[in-house]
Each structure stands twice: as C-alpha cells, then as structure tokens.
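Below you'll find the structure, written out as structure tokens, and then a few comments.
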Amino acid sequence: MNDQAQGLRNLIKSQNDSSDNKTKVLTITSGKGGVGKSNFTLNFALALQLKGYKVLIFDADIGMANIDVLMGVTPKYNLYHLLKREKNIKEIITKGVHDLQIISGGSGIQELLHLSQTDLEYFAYEASKLLGSVDFILFDTGAGLTQQSLNLMMSSHETIVVTTPEPTSITDAYAIIKMVHSMNQQIQFKMVVNRVTTQKEGTLTSDKIKMVAKQFLNLDISTLGYISEDVHISKAVKKQEPFLMAYPNCSASRDIHSLSRFFLSEKDDQNRLNTNVKNIFYKMIRMLK
C-alpha cells in the first residue's frame, strides 16, 4: 500500500515538473451564508471565460452545492464517481454556457475526509491533470471556516472573500480573515463587496475591513470591486441562468465585467505562482490527513 502511494506521489511530481503550468487557483469564500458567494463565483468565472480565458469551477460546498442549479445544468457525474474509480477527472466535468466547465463535488467532497491515504493520492494525481488545461480553477467553498475550506485556502494562490454592507456580514468576513491569517500568514486575500446600493457604500464597507486588518493583523487586503444590488440577479436565479447572460446590460453585469478586468490587470508574483501550482492538489490532500 505504501509503495502504491509513493508511486502516485512520484507520478504527480514528474507530471507537474514536466509541464509549464500557468493555471491560477482561487478559493472563494465568505464569513456567513446568504451573501451571494456562489452567484458571484459563477458570473465572475463566466466574465473571465468571455474574455478568452478557460475557467473551471469546482463546487466544493458540502451539502449546499448549487453552481449547477444557478447555471441550469444537471451534472451526470460528480467527484464521488472519481473517488470510486468509476470515472476520470475529465469525465466528471460538466460544460455549461459558453463552455464554462464545472465539477460538482456532491457527496464526494465529504468522502474526501474519510478516504485512505492511497485514495487521496489518487485524487491528487487525477486533479493535477487539470493544471495547464485551464487558466483558472475557482473553488466555491461553504460559508464560514471549516477544515475543508481552510485546506483549500491554504492550497490556493489567492482567496477571495465575498461580503455585503450588512454589519454581521462585515464582522464575519473579518473574523474568517483573522482566523485564517493566524494559521497561515502567506495566504493572499482579496475582497468583493456584494449588494451595494451605491459605490460609496461599497467603499465604506471595504475600507472598514481593510483598516482593521491593517491595524490589528498588519495585513493589506486588495478590493477587487463592488456589485450593485440589482433585481435582475434574483430574476436570473429564477430562470436558472447567469445574470451576466440573462441580463448583460444590467448594473450587476457591468460591475462583474469591471471587477474581472481589474482582477486581470493586477500583477502576479510569478515565482509564487509557478512554485505553488506544481503540487497544489497534493498539498490539499496532505492537509486532509
């Protein structure tokens, strides 16, 4: 059994070392539920896809996975089928609008916590095949801090925290940043303020969190942008379409495009990206043990 696990580790290393991986892995999270995190993830991914990038969403929200519902698709397979060796990683990918790719975690996300080391090594080997085939992998996690979401944040290049102007949302967003930062000061945070009524409200909200994080954690947090409170978002949810496609000219769609342009304009630390991406999935499953 140990020989098999070591063999998989060697395969992962040789595969990653031999390829020029440019894939950027992002974890998207929130301090509390109900802030529109999954809807943001879907439309942000679609905005990147429309700009010519290849994007894959990994729906890693245990028990509340709904990216497929928001996109109006029904995945035939999910992570469970991969873990049971019934399908490979490419076969569990579902394509939606504009060929946006998603992997539904389903019951497989919970199973990751109970697999043997060899099975986890197999997952890492399969998942590492995604690196280099897409430009961005977006992990949509559950709200709040769980061991699983912490593992994803610690394995990703950046973590995007979605909040709203509500006081409880602001408090919870800062709380999750504080807890994660205390465990790993290398994690890169960016912030998105959703459901703002005015740009001023968005700026005030982000400034509160940024000021406290700088004062008490000595942590600089970048704000990617703000998304307007928009009735078209709920209309799109009912239609099971991304609002970016259902209502491309609404204020929320304009905000997503603006936010994605700013995200793409930011400079990356290429040394950090190239170093971390090589073993990103292996890092994740090692933390699960």
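The values are calculated or read from the model by the stated rules, or taken from the named source; none is laboratory data. The structure presented is a predicted model; accordingly, all values stated were derived computationally and were not measured. In this analysis, Cβ positions are derived from the backbone assuming ideal geometry, glycine residues included, and neighbour counts consider all displayed protein chains.
Conditions (1) closer than 16 Å to Ile137 by Cβ; (2) modelled with pLDDT under 90; (3) out of contact with any Gly (no Cβ under 8 Å at 6 or more places or on another chain), marked per residue:
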position	(1), (2), (3)
Phe44	yes, no, yes
Ala47	yes, no, yes
Asp61	yes, yes, no
Val69	no, yes, yes
Tyr80	no, yes, no
Arg85	no, no, yes
Asn88	no, no, yes
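Under the condition of being part of a loop (DSSP other than H, G, I, E, B) and small (Gly, Ala, Ser), which residue from segment 116-170 is farthest from Ile221 (Cα to Cα)?
Ser116
Are any residues in segment 192-225 part of a helix (DSSP H, G or I), of a type in the set (A, V, I, L, M) and surrounded by fewer than 21 Cβ atoms within 10 Å (Cβ to Cβ), and if so, which ones?
Scanning segment 192-225 gives Leu204, Met211, Val212, Ala213, Leu217.
Among the residues of segment 171-189, are any surrounded by fewer than 16 Cβ atoms within 10 Å (Cβ to Cβ), of a type in the set (S, T, N, Q) and within 30 Å of Leu50 (Cα to Cα)?
No, the conditions are met nowhere in segment 171-189.
State yes or no: is Gly52 at pLDDT below 95 and under 21 Å from Leu259 (Cβ atoms)? First the steps, then the outcome.
Details: at pLDDT below 95: no; under 21 Å from Leu259 (Cβ atoms): yes.
Answer is no for this residue.
What is the number of the single condition among (1) among the aromatic types (Phe, Trp, Tyr); (2) farther than 16 Å from Tyr53 by Cβ; (3) within 18 Å of the chain's Cα centre (by Cα); (4) at pLDDT 95 or above that Phe243 does not meet?
(3)
Within segment 150-163, how many residues turn out to be of a type in the set (S, T, N, Q), farther than 13 Å from Ala175 by Cβ and crowded, with 23+ Cβ neighbours inside 10 Å? Let's see the steps before the verdict.
So in segment 150-163, the residues of a type in the set (S, T, N, Q) come out as 151, 155-156, 159, 163.
From what is left, the residues that are farther than 13 Å from Ala175 by Cβ are 151, 155-156, 159.
Next, from what is left, pick out any that are crowded, with 23+ Cβ neighbours inside 10 Å: 156, 159.
Count: 2.
In segment 191-230, which residue that is touching an Asp or Glu at 6+ places or on another chain (Cβ under 6 Å) and touching a residue at least 60 places away in the same chain (Cβ under 8 Å) is nearest to Val25 (Cα to Cα)?
If we filter segment 191-230 for residues that are touching an Asp or Glu at 6+ places or on another chain (Cβ under 6 Å), which is where we start, we get 195, 197, 227-228.
Then drop every residue that is not touching a residue at least 60 places away in the same chain (Cβ under 8 Å), which leaves 195, 227.
Numbers: Arg195: 25, Ile227: 22 Å.
Here the residue is Ile227.
Do we have any residue at all in segment 272-287 that's modelled with pLDDT of 95 or more and within 25 Å of Tyr174 (Cβ to Cβ)?
No: zero hits.
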